[in-house]
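Worksheet: one structure, shown below.
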């Protein structure tokens with residue numbers, strides 16, 4: 001491809017072809033192996049003509065040109081990018097951990113696709129799934145952004161890639177997907193190498209931008225500022241930003257209020273840990289996918305035994321199948337009991353402030369906005385105080401963080417509410433309030449216990 005190199009120039013050849021592409025002549029035409037989909041899209045839109053001319057010159061005839069992602073090129077390109085980013089950060093004096101040795105994990109192409117078709121829907125994720133489907137029909141029109149949050153392993157990344165799987169099939173859409181950590185590393189590398197314009201062009205021209213693990217932006221003001229400007233480029237243009245995070249927008253610590261306000265201006269949906277019925281269906285689907293369907297009694301046992309995330313279920317299933325294979329025994333209930341006897345049951349899920357707000361506001365018949373407001377009516381004040389007390393008890397947030405999340409209040413307000421309720425509980429005092437039907441009374445201790453149960457339900 002000497003003629004192609006001459007046509008595009010040495011610099012563009014080095015950036016877009018050298019080490020990022022591989023050419024193969026097949027009976028069906030010319031196949032261009034690429035490191036990733038972004039390079040494939042860029043070559044099609046910027047170098048189609050010189051590539052066709054070089055092919056015609058080399059083979060004396062026009063050949064059909066197709067593209068496919070090549071795993072070895074992907075790994076090589078990733079290693080080069082990480083090396084460049086490490087060098088840039090070392091020049092800044094930032095310690096960089098040694099690059100990990102290649103793992104024996106299979107290439108991405110060998111893993112089952114995360115699609116909307118193979119996503120198991122249940123009460124725990126029904127709203128998020130509906131939002132994902134809606135995002136594929138009219139990207140950026142009904143809501144912008146789509147912010148999905150929930151604890152690890154509940155399906156956020158599956159839905160994110162499921163949306164992109166549908167949208168990538170539309171030839172006229174430019175789609176990019178990366179984690180917040182990758183965005184941060186690329187931004188730092190671009191800033192130090194003087195290539196910010198290339199970095200910004202790469203992502204701001206997209207029709208759909210998907211960012212996973214948004215909580216990684218916490219405590220990184222420079223990257224947050226850059227991401228804010230990138231996000232603003234998508235506003236009002238019928239384009240979509242999809243975000244996934246372990247935490248709700250207002251629960252991400254050390255993040256700009258301007259970013260939080262943009263996150264909550266779109267559609268925020270939460271995924272919960274799967275309930276028993278959904279766990280059974282997930283296990284059934286995964287077992288069939290692995291070629292080892294489970295008997296009904298084994299399926300029920302595992303669903304009852306493992307109550308955590310989808311990843312926990314996958315781990316238990318993998319362990320069960322391995323036991324059966326290694327011991328050369330059929331998949332029985334007794335084998336399931338034996339194999340999962342010391343299986344680590346998930347730790348209690350982390351409670352977030354959003355869960356506290358939702359449970360308390362629903363109980364008192366007020367809105368989360370009421371709790372954040374300065375309104376002084378008795379049910380709202382009571383709900384606000386109960387939220388502060390339970391947030392301090394059930395979440396790792398400090399007084400100041402709780403105050404900031406609840407509408408920017410002073411931390412002394414949260415401290416005073418906690419001390420007041422400690423006294424009410426210690427003295428066995430009763431609390432009175434009126435709902436839509438009648439006047440209600442509970443002891444302070446009983447009310448907190450009831451609300452606590454609703455939060456952790």
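The table below lists the values:
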{"read-out": "Residue 370 being in contact (Cβ under 8 Å) with a residue 12 or more places away in the chain and out of contact with any helix residue (DSSP H, G or I) (no Cβ under 9 Å at 6 or more places or on another chain)", "value": "no"}
{"read-out": "Among the candidates 163, 188, residue that is touching a helix residue (DSSP H, G or I) at 6+ places or on another chain (Cβ under 9 Å), surrounded by 16 or more Cβ atoms within 10 Å (Cβ to Cβ) and within 19 Å of residue 130 (Cα to Cα)", "value": "163"}
{"read-out": "Among the residues listed as 115, 136, the single one being crowded, with 17+ Cβ neighbours inside 10 Å and at pLDDT 85 or above", "value": "136"}
{"read-out": "Residue under evaluation residue 227, criteria (1) at pLDDT below 95; (2) under 20 Å from the mean Cα position of the chain (by Cα), criterion not met", "value": "(1)"}
{"read-out": "Residue under evaluation residue 153, criteria (1) surrounded by 20 or more Cβ atoms within 10 Å (Cβ to Cβ); (2) closer than 19 Å to residue 273 by Cα; (3) modelled with pLDDT of 90 or more, criterion not met", "value": "(3)"}
{"read-out": "Subset tally (residues that are surrounded by 17 or more Cβ atoms within 10 Å (Cβ to Cβ) and assigned to a helix (DSSP H, G or I)) for the range 244-275", "value": "6"}
{"read-out": "Complete set of residues in the range 278-303 that are over 28 Å from residue 251 (Cα atoms) and out of contact with any helix residue (DSSP H, G or I) (no Cβ under 8 Å at 6 or more places or on another chain)", "value": "281, 285, 288, 289, 291, 296"}
{"read-out": "Whichever residue in the range 397-419 is in contact (Cβ under 8 Å) with a residue 24 or more places away in the chain and in a loop (DSSP other than H, G, I, E, B) and, among such residues, is surrounded by the most Cβ atoms within 10 Å (Cβ to Cβ)", "value": "406"}
{"read-out": "In the range 37-66, the residues that are exposed (fewer than 15 other Cβ atoms within 10 Å of the Cβ) and assigned to a loop (DSSP other than H, G, I, E, B)", "value": "60, 61, 62, 64"}
{"read-out": "Residue list for the range 175-190, restricted to those being touching a residue at least 60 places away in the same chain (Cβ under 8 Å) and more than 20 Å from the chain's Cα centre (by Cα)", "value": "188, 189"}
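The values are calculated or read from the model by the stated rules, or taken from the named source; none is laboratory data. The structure displayed is predicted, hence computed values, not measured ones. FYI the Cβ positions are ideal-geometry reconstructions off the backbone, even for glycines, and counts take in every protein chain you see.
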